[in-house]
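Encoded as structure tokens, the structure appears first; notes follow it.
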Amino acid sequence: NVCRLLTRRAHGFYARDAGVAHRKNLGLLRKIMCQESTKFKNVWTTHSASPIAYERGRIYMDNYQCCISSIAQEPRILYQKSKCAKSEKIEDALLLECPLGEMLPSPSDYKASLIVLTVQNWLLRLSADSGEVLEKVYLAGSCCKFFRYLSWDTPQEVMIVKSAQNKLPAAARQAGIQQSVLFYLAVFQVLPLSFIGMLEINKKIFGNSVTDVAVSNGILIVMYSMGLVRLYNFKAILEQFMEQPFDLGQEFNWNGQVGVVGKYPFGLPCNIKITDTPPLLFEASSLENAFQIGGYPWHYIITPNKKKHKGVFHICSLKDNALAKNGIQDMKCCSLEPDWIYFHPDMSGRIIHVGPNLIKVLKLKEVKNHADQMEIAEDFTIVANRENCVNNSVTVTASGRVVKKRFTSLDDDPEQETFKIVDYEDELDLLSTVAVTQIGADGRAHLDFHCNEHGILLKSIPLKESWDVTYSHEVYFDKDLVLHIEQKPNRRFSCHVYQMVCDTAKDDD
């Protein structure tokens, strides 16, 4: 309990490892939160005509011009900036948090900040608490005018800024001019913010049918129109094809260009020129380019590249492409919304397969007497509450006439409880699910917390607001906070905040 923990801390038990105390505190929070007497109360609701975003206890509205802290007893405004011009509109954003155990050049680096990308190709680092501009970098030189996406290569370490796909004007295409460069990628080390390099994804190198690219954990992922996915060593590409390194703020005279790196109007030089096809690490063909890597030992998940196989997932060894035993996962569900599958974000190597009324948590394990072969086994399942649902295809009327239904109801029939969201809260080690039942125009949802290890239901929280399954919804569970963002027709957005309330007294609220 709390008293015992404080006593042990006073005696110096955690003097050499603050992480132990933090984990103990989170364990206490989990126990308190799952108590029957603990409730989650809707403390705040707001509406907006623009999208609402959430990042680590901060709610962003009005295109990141307004920041609201959701940690306080009642959400309060941290900062409100004046309305920006269309040219300053923010296209994408990433929350940047201080790495542990590193010396940083500026005191502001130790506080959380927000990296944002504007429509005019400015990369800004803003204070997460005040909105003050701490750093600004101009991206677009003569090579590219449309940077639009931010993502992590290595979370909180290496960031990728990706352009929209380059397309020639219609007049140029009609004149027969060919566009060979499809995307530009700018690579940054963060905290302190430093420029690694910029490269282009060119048809001449990677092929004419490239549709998209992504970078993750040191791997360049190239996707093709026929469902092909190819993987390349991104770090090796940076090292092999780097023509000249540049630092932000450095004056340069290179390839006929004179300017300052990261300053207007020159922007960033394209200093990584891929002149030959890099060595291929791996390729696979999958429906809609769906491809995931995870597990231990490494496995990948694909759907065979035919429409008739939609909803069928193959789990194969990355080492030799061998299909795991029981590696074909098919829920055979008849639904409007497809089931989905992914590697568990808790790094356990498990796999989560979600259908309308069933969540399977799968694990990889060695086949007995075959140490080099792996099989897929069920760890646990979570089933939607459909006990009262009777779906007979044949009914008998009062007069004794037999009536056969021409169709059966879908597995995701809105009048039956259906899983809509599955997420993982890493700090409390809880698996959260959102299940919805809609009767008429009124939909009811509840958020459930399950033990991540065994799948046991620990807590159920009813959401007070009506849930319409035809709208877009996001639910965030962040320690003692639950936040629900919904998008209604005509770009109307709503945000509902629930906070944990520990009160043994009976309270209808």
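The values are calculated or read from the model by the stated rules, or taken from the named source; none is laboratory data. In this text, all values refer to a predicted model and were calculated from it rather than measured experimentally. Every residue, glycine as well, gets a Cβ built from its backbone with ideal geometry; the counts of neighbours run over all protein chains shown. Areas reflect the complete protein model, heavy atoms only, side chains present, ligands, DNA and RNA absent. Shrake-Rupley method; radii C 1.70, N 1.55, O 1.52, S 1.80 Å.
The table below lists the values:
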{"read-out": "All lysines inside 16 Å of K203 as judged from Cα atoms, apart from same-chain residues fewer than 8 positions distant", "value": "K167, K273"}
{"read-out": "Shape call, segment 52-159: gyration tensor on alpha carbons, a/c limit 1.5", "value": "oblate"}
{"read-out": "Mean separation of Cα contacts under 8 Å, 6 or more apart, over the residue count of segment 180-247: relative contact order %", "value": "25"}
{"read-out": "MRE, 222 nm, helices only [DSSP H, n ≥ 4, -39500 (n - 2.57), over the chain, to nearest 500]", "value": "-2500 deg cm²/dmol"}
{"read-out": "Ranked by how many other beta carbons lie within 10 Å on average, peptides 262-274, 74-86 from highest", "value": "262-274, 74-86"}
{"read-out": "Cα Rg, Dmax (largest Cα-Cα span) when computed across segment 155-285, Å", "value": "15.8, 46"}
{"read-out": "Heavy-atom accessible area per residue - the chain, 1.4 Å, Å²", "value": "55"}
{"read-out": "Most to least packed among 67-73, 29-35 [average Cβ atoms within 10 Å]", "value": "67-73, 29-35"}
{"read-out": "Over the chain, relative contact order from alpha-carbon pairs under 8 Å, at least 6 apart, %", "value": "12"}
{"read-out": "Accessible-area composition of segment 28-99, carbon plus sulfur, in percent [1.4 Å probe]", "value": "49"}
{"read-out": "Inter-label distance for V383 and Y110, nm, one decimal - labels placed 7 Å from Cα along Cα-to-Cβ", "value": "5.4"}
{"read-out": "Cα gyration tensor shape for segment 261-386, rounded if a/c is under 1.5, else prolate or oblate", "value": "prolate"}
{"read-out": "³J(HN,Hα), Karplus 6.51/-1.76/1.60, whole Hz, each residue of segment 265-282, x for Gly, Pro", "value": "x, 7, x, 10, x, 8, 9, 10, 10, 7, 9, 8, 4, x, x, 7, 7, 6"}
{"read-out": "Rg/Rg_globular for the chain, with Rg_globular taken as 2.2 N^0.38 Å and Rg from C-alpha atoms", "value": "1.11"}
{"read-out": "Pairs from K310/K363; K162/K319; K81/K136; K204/K307; K235/K479 whose Cα-Cα separation, in the structure shown, is over 24 Å", "value": "K162/K319; K204/K307; K235/K479"}
{"read-out": "Selected from Q257, L104, Y498, residue furthest toward positive end of dipole (the chain; charges at beta carbon)", "value": "Q257"}
